[in-house]
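Please read the structure below before turning to the comments.
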Amino acid sequence: MRMRIMGFGLVVFVTGMLAGSTWQTYAAQTPNDPACGAASMPQVRTTLYFGMARPKGSVSELEWQLFLRDEVTTRFPDGLTVWGADGQWRSAAGTIDHEQSKVLLLVHPDTAAARQAVQAVITQYRQKFDQEGVLWEEARVCVAS
C-alpha cells in the first residue's frame, strides 16, 4: 500500500524542543508578533506524515535514517522531532487501509526559503520511495526564548 494524502486521527504528546541558542538565531530573522507577546517569537510548526509502505516492500529503518540525515537535517539543521505512527485512510475502492508511518515535526521561520526546503523534502521522499503523497500540515506558533 502506498501512502495517500490522508487525514490521521493522532493524539500525540511531543517533547524535545530545540536549544535556546536556536531561537536566538531566529530572533534576528523574525520580527516580534504582537500575538506572541514580547517574550516569544512567531514561527511555523510544520508536521509531515510519511508512509513507510511502497509498491515492493517498505522503507527500512536504515533508509529512513539516511533520508533524515541527508535530506531533512541538511535543510533543517537546528533540530527536529520524529516519531512512528499508524496511518489509516479510506482508499478509492472504499476499503480502510493501514500503514506504518513516520511523523516529522519542524519549527522554523515563516520564510520562502523554509517553505521551499519543506517542499524539497517532500519531493525527495516521493521520488526516492515511490510515494503518491506526503501529508503536509502547518500552523503558526509562538516560541519562547
Can you tell me which of (1) touching a Cys at 6+ places or on another chain (Cβ under 8 Å); (2) surrounded by fewer than 16 Cβ atoms within 10 Å (Cβ to Cβ) is the one Thr73 doesn't meet? (1)
Please state which of the following conditions Leu62 fails to meet, knowing it meets all the rest: (1) among the hydrophobic types (A, V, I, L, M, F, W, C); (2) loosely packed, with under 15 Cβ neighbours inside 10 Å; (3) part of a helix (DSSP H, G or I); (4) modelled with pLDDT under 80. (4)
Going residue by residue through segment 101-111, is there one that turns out to be surrounded by fewer than 17 Cβ atoms within 10 Å (Cβ to Cβ), farther than 19 Å from Gly79 by Cβ and out of contact with any Phe, Trp or Tyr (no Cβ under 8 Å at 6 or more places or on another chain)? no
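Residues are listed down the side, and each one gets a yes or a no for (1) on the phi < 0 side of the Ramachandran plot; (2) in contact with a strand residue (DSSP E or B) (Cβ under 7 Å, 6 or more places away or on another chain); (3) without any contact (Cβ under 8 Å) to a residue 12 or more places away in the chain; (4) part of a strand (DSSP E or B):
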site	(1), (2), (3), (4)
Val118	yes, yes, no, no
Gln124	yes, no, no, no
Gln127	yes, no, yes, no
Asp130	no, yes, no, no
Screening Leu66, Leu48, Leu106, Leu80 for residues that are free of Cβ contacts under 8 Å to residues at least 24 places away in the same chain and among the aliphatic types (A, V, I, L, M) leaves only Leu66
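The values are calculated or read from the model by the stated rules, or taken from the named source; none is laboratory data. Please read these numbers as outputs of a predicted model, since none were measured by experiment. We place every Cβ from the backbone using ideal geometry, glycine too, and count neighbours over all the protein chains shown.
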